[in-house]
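Novice: One structure coming up, written as structure tokens, with questions to follow.
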Amino acid sequence: MKFDLHVHSCLSPCANLEMSPSEIVARAISAGMDGIALTDHQSARNCPAIAECVRRAGLKCLYGMEVQTAEEVHTVALFDTVEQALALTNWVYEAMPKRVNDPETFGDQPVVTWDDDIVEMEWRILAMSCRRTIPETAAKVHELDGLYIAAHIDRPNFSVLGSLGAIPDNSFDAVELSRTANESLWFPKAAGYAVIRSSDAHNLDDVARVWTEADGEFSVAGLRAIFAAKATWLSPRLTRF
């Protein structure tokens, strides 16, 4: 199976507004993906919409978010259900600054329906860190029976290696390489973790431009077993971002 576990919708302030759940699903299917994950910054509020889209389209999906922790590190949480993802959202919201988003500075943050109607604009600034640390977030994600992944460890900013210089013990189920990362250089730095490659797509052209392959079930339990066996294959890296 082929999957892309790091895709943003229009809810993420840095994502293109064309990134509606329905368009994301259509692009993933046209690219031959068997599964995707929706991982907006600090929120899973567009997961209900994409859940309906994948139900209608017959695509498999995991639901989650990209949590920017107190260490200013990007991490990805994944769940089988929308309810689990929204539970983590509420927990992260409790630890976020109570500041109103400025769309001119940070970007729009629309919460949408499956057929692209805007329900409301998320008022919190999703581009900021919460007060939850990596160990705290890992514990919460695992308490909710999810997977916790260190995002784009090859990047100098907002990554565990770029910010902390090392991968914290007993926190992550896998680590992610970005689209352009040379795996021969970064595998030795993955500290024995399973490695995936994801698009981190913020616009439609980037959805599933890179991916991960594995044999097994596209679910949290299935991926947990795959990660434990370190049985993933990465798509070729891109030479340009």
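Novice: So for region 132-143 (the condition being part of a loop (DSSP other than H, G, I, E, B) and either under 27 Å from P21 (Cα atoms) or among the aliphatic types (A, V, I, L, M) (or both)), does at least one residue qualify?
Specialist: no
Novice: Kindly indicate whether any position in region 196-212 is more than 22 Å from A15 (Cα to Cα) and either surrounded by fewer than 21 Cβ atoms within 10 Å (Cβ to Cβ) or modelled with pLDDT under 95 (or both).
Specialist: No, every residue in region 196-212 fails to be more than 22 Å from A15 (Cα to Cα) and either surrounded by fewer than 21 Cβ atoms within 10 Å (Cβ to Cβ) or modelled with pLDDT under 95 (or both).
Novice: For E120, indicate whether it is part of a strand (DSSP E or B) and among the acidic types (D, E). Let's see the steps before the verdict.
Specialist: Values: part of a strand (DSSP E or B): yes; among the acidic types (D, E): yes.
The answer is yes for E120.
Novice: Of the numbered conditions (1) in contact with a strand residue (DSSP E or B) (Cβ under 9 Å, 6 or more places away or on another chain); (2) modelled with pLDDT of 95 or more; (3) surrounded by fewer than 20 Cβ atoms within 10 Å (Cβ to Cβ), L88 fails exactly one; give the number of that condition.
Specialist: (3)
Novice: Check G107, G58 and return the single one that is out of contact with any strand residue (DSSP E or B) (no Cβ under 6 Å at 6 or more places or on another chain), small (G, A, S) and modelled with pLDDT under 95.
Specialist: From the options G107, G58, the qualifying one is G107.
Novice: Is it true that some residue in region 184-191 is of a type in the set (A, V, I, L, M, F, W, C) and assigned to a strand (DSSP E or B)? Break it down into steps so the answer makes sense when it comes.
Specialist: Start the filter on region 184-191 by keeping residues that are of a type in the set (A, V, I, L, M, F, W, C), which leaves 185-187, 190-191.
Now narrow it down to the ones that are assigned to a strand (DSSP E or B): none.
Among the residues of region 184-191, not one is of a type in the set (A, V, I, L, M, F, W, C) and assigned to a strand (DSSP E or B), which makes the answer no.
Novice: For region 121-162, what are the residues that are among the charged types (D, E, K, R) and at negative phi?
Specialist: Matches in region 121-162: E122, R124, R131, R132, E136, K140, E143, D154, R155.
Novice: Which of the residues belonging to region 157-178 are surrounded by fewer than 16 Cβ atoms within 10 Å (Cβ to Cβ) and either in a strand (DSSP E or B) or touching a Phe, Trp or Tyr at 6+ places or on another chain (Cβ under 6 Å) (or both)?
Specialist: none
The values are calculated or read from the model by the stated rules, or taken from the named source; none is laboratory data. Being a predicted model, the structure only gives us computed values, none of them experimental. Please note: Cβ atoms are built from the backbone with ideal geometry, for glycine as well, and neighbour counts cover all protein chains shown.
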